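Every number here is computed from the coordinates shown, using simple stated rules; none is lab data. Quantities reported herein were computed from a predicted structural model and do not represent experimental measurements. Every residue, glycine as well, gets a Cβ built from its backbone with ideal geometry; the counts of neighbours run over all protein chains shown.
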Amino acid sequence: MPTSMMSTQVKVTTDAIDTKQLRAIELVDGWHAIRDCELVQFAVGEAHGPITPFTLYPALRYQNENGTTVRTPLGKVLSFSEEAQSRR
């Protein structure tokens, strides 16, 4: 029984940025200066001994303009920049 499979070559360009290079992220309210950024798995759960999360979310953990530690789910970030951006 002959099988007919079609294959198509697709060119994919990957642009990768190390989180330590990020200086600003764009959220719905504009650009935010950040520092000490790292990619983490964010979880919310009950603290009965070690937290047992039901769901993990990829997120950025960083220091914002006020020096506060913030965790932002990746799905909320509109864009990233390696350079400082003016807040609009």
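Summary of values
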{"read-out": "In nm, spacing of pseudo-spin labels at Glu82 and Thr14 (7 Å Cα→C-beta vector)", "value": "1.7 nm"}
{"read-out": "Amide H partners (placed H, <5 Å) of Phe42, local residues excluded", "value": "Tyr57, Ala59"}
